[in-house]
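For reference, the structure is listed below as structure tokens.
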Amino acid sequence: MTENGDSTTPRSHGRPTRRTLLKAAGATALTAGAVTAAASSAAADDKPYDAIVIGAGYAGGTVARELGARGMRVLVLEARGRIGGRIEPGTLAGQHIELGGGWFGPGQNLVARELKRYSLATSEDVHATRMVMPGPNGYTSHSPQEAGARLNSLFADFYAGSEQYFERPYEPLYRKDLLASVDRLSLADRIAQLQLTGVDHDWVSGATSVFAGGNRTGSLTGLAQWYQLAGGTYDQFLSVMSELPEGGMIAILERMLRDSGATVSLNSPVTAIRERGGLTHVEVRGGRVYQAPVVVLATPVNMWSTLTFEPGLPKVYADAAREGIGVPHATKLWLRVRGTSEAVSAQAPEGAPILLLIPQKQLPDGRIFVAFTGPALDVSDPQAVRAAVRGLLPEARVVEYRAKEWHKDPYARGGWGLRRPGQLLRQLPDIQQPFGRIVFAGGDIASGWNGAFVEGALESGFRAAEQAATLAG
């Protein structure tokens with residue numbers, strides 16, 4: 001296990017094999033000379049930038065490009081040795097995989113615009129030919145049509161009323177008057193309200209816990225907004241995670257940063273942001289200080305608590321930093337299996353070792369699958385991983401796998417963002433506003449596709465770029 005929580009060593013029959021990590025995949029695509037290693041000097045950089053962006057994920061990349069287009073001199077500070085943030089490419093069995101992120105989908109218009117801008121095509125993900133779901137006594141197989149019809153019916157009840165309190169889902173506070181009674185509810189609260197039992201309970205709790213990292217943590221309004229943004233049916237909700245971009249999830253971001261003309265400094269974790277003399281002073285580990293009239297903080301909200309702010313953050317930001325927004329447990333597991341080449345999908349109840357298993361590329365001797373696991377599975381234990389897969393697909397034999405534990409990543413400290421109960425009404429729109437000369441960006445605080453979607457990071461990045469340009473004067 002590496003320090004960033006990535007079990008990057010593919011495992012074969014329980015024994016480590018050669019690493020296949022794509023190191024700094026995004027950085028190699030940038031303009032020559034745009035990427036630098038962190039400097040060891042503690043002296044201040046004597047020429048202020050027009051803006052400093054902290055974080056080279058999609059929100060930060062959007063800000064850098066938009067400010068660069070205005071002729072501004074931009075520095076991007078990235079803690080990792082690669083770009084992408086919670087988007088991370090990798091390989092397994094010689095195939096491209098996504099250790100973070102994964103999909104786009106129809107109706108995500110900002111992504112569609114970027115794909116068109118950079119002439120990038122998309123392909124559809126693999127369609128399941130069979131679905132394994134919880135049954136009265138273990139797991140049972142269903143056709144995708146049969147399982148889909150039941151899930152649509154169950155979630156129509158689960159999200160009943162959301163078409164009213166999210167009448168305009170891109171404006172989540174439009175019916176603020178209706179939100180007070182539902183924003184306080186966790187997903188577990190909503191399941192309890194419906195008095196679901198048996199198989200119905202297992203189908204619903206399993207599906208929601210995949211996205212929430214725990215049904216007591218995730219808010220009903222968090223998922224309900226995504227549901228309405230997608231069109232208000234469970235089929236449509238799943239469709240927004242169905243398209244794969246040419247070149248992988250990192251492809252648009254690589255081109256954004258290339259277009260930005262920004263200097264991207266990798267291995268530059270920020271430790272402090274201070275306002276002094278009309279400038280912001282940004283300190284990175286090792287003591288080096290950079291200056292600019294404005295700073296855009298484009299990291300996961302869960303990272304805010306690791307930074308020193310002078311002056312200290314007001315309540316809305318401080319509360320978000322303390323509470324966190326990224327889901328508390330998020331492990332993505334890629335598996336190469338033999339014994340089956342069928343495109344079978346499987347879903348388990350909340351608390352199971354593997355919550356969701358999705359078929360990916362077929363291989364000559366089997367298939368690659370991607371899974372999302374719960375805290376019950378120790379992904380560092382190959383025997384436990386093999387047993388968990390066999391529990392869903394008895395015929396499957398795990399040959400090798402890779403796991404990324406995002407909650408153990410020191411520069412994510414959690415998975416994708418999903419608001420907790422009460423956070424929508426307590427945070428928006430204040431958390432989207434600048435504080436002094438600090439502008440906040442990131443999918444976690446987007447109005448629309450917040451948290452788990454590149455669409456939300458783009459939305460937030462465009463807004464933050466406008467705010468930063470105004471502050472920079």
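The values are calculated or read from the model by the stated rules, or taken from the named source; none is laboratory data. This one's a predicted model, so the numbers in the text were calculated from it and none came from an experiment. For neighbour counting, all protein chains shown are included, and Cβ atoms are generated from backbone atoms with ideal geometry for every residue, glycine included. Side chains are part of the model used for accessible areas, which takes the heavy atoms of the whole protein and leaves out ligands, DNA and RNA. Shrake-Rupley method; radii C 1.70, N 1.55, O 1.52, S 1.80 Å.
Taking a ≥ b ≥ c as the square roots of the eigenvalues of the Cα gyration tensor of segment 181-324, is the shape rounded (a/c under 1.5), prolate (a/b larger than b/c) or oblate?
In terms of gyration-tensor shape, oblate.
Taking the Cβ of Asp183 as the centre, find all other residues whose Cβ is under 9 Å away and add up their charges (Lys, Arg: +1; Asp, Glu: -1).
+3
Tell me the accessible surface of Thr331 in square angstrom (1.4 angstrom probe, heavy atoms of protein chains only), to the nearest ten.
0 Å²
I'd like the FRET efficiency for Ser123 and Asp177, computed as 1/(1 + (r/R0)^6) with the beta carbon distance as r and R0 of 41 Å, rounded to 0.05.
Calculated value: 0.40.
With θ taken as phi - 60° and the coefficients 6.51, -1.76 and 1.60, list the Karplus ³J(HN,Hα) couplings across segment 231-246 in order, rounded to whole Hz; mark glycine and proline as x.
My calculation for segment 231-246 gives x, x, 9, 5, 4, 5, 4, 5, 5, 6, 10, 10, 10, 10, x, 4 Hz in order.
Picking from Gly391, Ala441, Gly374, whose Cα lies most toward the positive end of the charge dipole for segment 364-441 (charges on Cβ: Lys, Arg +1; Asp, Glu -1)?
Ala441
Not counting ligands, DNA or RNA, and with a 1.4 Å probe, what is Trp416's accessible surface area in Å² rounded to the nearest 10?
For Trp416, the solvent-accessible surface is approximately 50 Å².
What is the local net charge at Ala388, summed over the other residues whose Cβ is closer than 12 Å to its Cβ (Lys, Arg +1; Asp, Glu -1)?
Spelling it out: positives minus negatives among the neighbours equals 0.
Have a look at the DSSP beta bridges in the chain and tell me what percent are antiparallel, nearest 5.
70 percent
How are the Cα pair distances of the chain distributed, in percent, across 20 Å bins from 0?
Percent of Cα pairs in each bin: 25, 57, 18, 0.
Which percent of the accessible heavy-atom area of segment 95-253 goes to carbon and sulfur, probe 1.4 angstrom?
Carbon with sulfur: 50 percent of the solvent-accessible area.
How big is the shadow of the Cα convex hull of segment 389-473, averaged over all directions, in nm²?
8.7 nm²
Say the cut-off is 30 Å between C-alpha atoms; which of Lys47/Lys332; Lys116/Lys361; Lys315/Lys408 go over it?
Lys47/Lys332
Please give the per residue accessible area of segment 295-428, computed with a probe of 1.4 Å over protein heavy atoms only, in Å².
33 Å²
Local charge sum around Leu120 (other residues, Cβ-Cβ under 12 Å, Lys/Arg +1, Asp/Glu -1)?
After counting each charged neighbour, the total is 0.
Taking a ≥ b ≥ c as the square roots of the Cα gyration tensor eigenvalues, with a/c under 1.5 meaning rounded and otherwise prolate when a/b beats b/c, else oblate, which class fits segment 110-198?
Verdict is oblate for segment 110-198.
For Glu400, what residues show an amide H to amide H distance below 5 Å, using hydrogens built from the backbone and excluding near sequence neighbours?
So Glu400 has HN proximity to Arg336.
Across 5 Å bins from the origin, how do the percents of Cα pairs in segment 251-350 run, short distances first?
Percent of Cα pairs in each bin: 2, 8, 13, 16, 14, 14, 10, 6, 6, 5, 3, 1, 0, 0.
Put Trp103, Trp449 in order of accessible area, largest first, 1.4 Å probe: what do you get?
Trp103, Trp449
What shape does segment 145-238 take by its C-alpha gyration tensor, where a ≥ b ≥ c are the square roots of the eigenvalues and a/c under 1.5 counts as rounded, a/b above b/c as prolate, and the rest as oblate?
Here segment 145-238 falls in the oblate category.
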